[in-house]
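Heads up: the structure comes next, in structure tokens.
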Amino acid sequence: MKKISNNIFLMMLIFGTLVTISSNSWLGAWMGLEINLLSFIPLMNDNKKNLLTSESSLKYFLTQAFASSILLFAIIMLMFFYNNNMNLYNSFNELLILSTLLLKSGAAPFHFWFPEVMEGLSWINGLILMTWQKIAPLMLISYNFIYKFFMITIILSMLIGSLGGLNQTSIRKLMAFSSINHLGWMLLAMMNNEMLWMIYFLLYSLLSFSIVLMFNNFKLFYFNQIFNMSMMNPIVKLFIFLNLLSLGGLPPFLGFLPKWLVIQNLVTMNQLFILTVSVCLTLITLYFYLRLSYSIFMLNYQKNSWLLKNNFNNKLSFTSLIFNFISISGLVMMSMIYVVM
């Protein structure tokens, strides 16, 4: 019965997002966001073992409900001024709508709820929050563009996403700050090209799915669990290490491809300042991935010569292996296809 209800809520979650992105009015988009929100709350409360789940779902509900109420207020104001042929407060309304959508997506400086909510979720729900839940707000943000405010948001998202992950011991919080950093890159891609942010989002979702599948499979939530070398196969650790580097955007992995496209686009548009800032701040995220990976492999390596058999599941699923292969060798394969063609 529980599985059936979860499937219904998941279908409603997808339906809510589709209503938002296919709507031709702001009110219809708001309704889609509300359906999406009310479908995700029961899915968040699915894991009763984690004590933080109820707290996370309450934080998520309050933040999203607050954003929705302001969004509805801004939409009503916009319609009122438009019907009365008043251009007064038009820019203020746009700013208000954009701020609420950024709050819904978890971009800086409206990011405060995102790492805290992520900490209380299971890996699958966390993946939904990092990927699917961003589609509707980002689609609406692309309709409502304010250049100066966008620049501030992009720089702050990259800065907070980079610095916030430095002192974390929880993998879920690290993934949350990584998501904030990637969100900055998506907004940067959105500035010049309508399709580019969608390509970035698809590749980011693929990489996130690949690494979250592994974390979920081995029930990894904190760094010290990865450090325990006697419990884990070194090959599995290597896959986690390479996936983290791919997510950080290190060539020659697939994670570098969306960043490469954005960099190329920014160079073409001659926006060198924001490009330099973005690349420098992304190097910090790559640093904490490398620091984690280096300590796992080099500093903490120990292997028992006794008790070789344990109950820990060291095997990767077939799905996980496919996604790992795409994540690690995707860019090389695409380059080879491009050369051949």
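The values are calculated or read from the model by the stated rules, or taken from the named source; none is laboratory data. All values derive from a computational prediction rather than experimental measurement. For neighbour counting, all protein chains shown are included, and Cβ atoms are generated from backbone atoms with ideal geometry for every residue, glycine included. Quick note on the areas: whole protein, heavy atoms, side chains included, nothing else; ligands and nucleic acids left out. Shrake-Rupley method; radii C 1.70, N 1.55, O 1.52, S 1.80 Å.
Can we say residue 108 is of a type outside the set (Lys, Arg), modelled with pLDDT under 95, outside any loop (DSSP other than H, G, I, E, B) and open to solvent by less than 10 Å² (accessible area, probe 1.4 Å)?
no
With the condition kept exactly as written, say whether any residue in segment 163-175 is under 15 Å from residue 223 (Cβ atoms) and among the small types (Gly, Ala, Ser).
Scanning segment 163-175, I find at least one residue that is under 15 Å from residue 223 (Cβ atoms) and among the small types (Gly, Ala, Ser), so the answer is yes.
Which residue pairs have Cβ atoms under 9 Å apart, sit 6 or more places apart or on different chains, and have a first residue in segment 271-292 that is over 21 Å from residue 166 (Cβ atoms) and assigned to a helix (DSSP H, G or I) and a second that is open to solvent by 30 Å² or more (accessible area, probe 1.4 Å) and among the β-branched types (Val, Ile, Thr)?
Listed by first residue and then by second, the contacts come to 274/155; 275/263; 275/267.
Criterion first (of a type in the set (Lys, Arg) and modelled with pLDDT of 90 or more) does residue 48 satisfy it?
For residue 48, the condition - of a type in the set (Lys, Arg) and modelled with pLDDT of 90 or more - is not met.
Return the only residue of 290, 196, 242 being hydrophobic (A, V, I, L, M, F, W, C) and under 17 Å from the mean Cα position of the chain (by Cα).
Matching residue, one of 290, 196, 242: 196.
Which pairs do you get when a residue that is closer than 16 Å to residue 205 by Cβ and in contact (Cβ under 8 Å) with a residue 24 or more places away in the chain, found in segment 232-254, comes within reach of a residue that is part of a loop (DSSP other than H, G, I, E, B) and open to solvent by less than 10 Å² (accessible area, probe 1.4 Å), reach meaning Cβ atoms under 6 angstrom, with the pair 6+ apart or on two chains?
Final answer for the pair search is 246/254; 246/255; 247/255; 249/255.
Taking the stated definitions as given, is residue 96 touching a residue at least 12 places away in the same chain (Cβ under 8 Å), open to solvent by less than 10 Å² (accessible area, probe 1.4 Å) and part of a helix (DSSP H, G or I)?
When the stated conditions are applied, residue 96 does not pass them.
At pLDDT below 60 and open to solvent by 70 Å² or more (accessible area, probe 1.4 Å) - does that describe any residue in segment 313-336?
yes
Can you tell me which residue within segment 132-155, out of those that are open to solvent by less than 10 Å² (accessible area, probe 1.4 Å) and of a type in the set (A, V, I, L, M), is farthest from residue 100 (Cα to Cα)?
154
Hey, can you tell me all the residues within segment 114-131 that are open to solvent by less than 10 Å² (accessible area, probe 1.4 Å) and closer than 17 Å to residue 37 by Cβ?
Residues satisfying the conditions are 114, 117, 118, 120, 121, 126, 129, 130.
Name, by its number, the condition in (1) among the aliphatic types (A, V, I, L, M); (2) under 18 Å from residue 30 (Cβ atoms); (3) without any contact (Cβ under 8 Å) to a residue 24 or more places away in the chain that does not hold for residue 58.
Answer for residue 58: the failing condition is (2).
Output the residue which, of all residues in segment 156-171 that are open to solvent by 20 Å² or more (accessible area, probe 1.4 Å) and not polar (S, T, N, Q), is modelled with the lowest pLDDT.
166
If residue 8 satisfies all but one of (1) without any contact (Cβ under 8 Å) to a residue 24 or more places away in the chain; (2) not in a helix (DSSP H, G or I); (3) not basic (Lys, Arg), what's the number of the condition it fails?
Unmet condition: (2).
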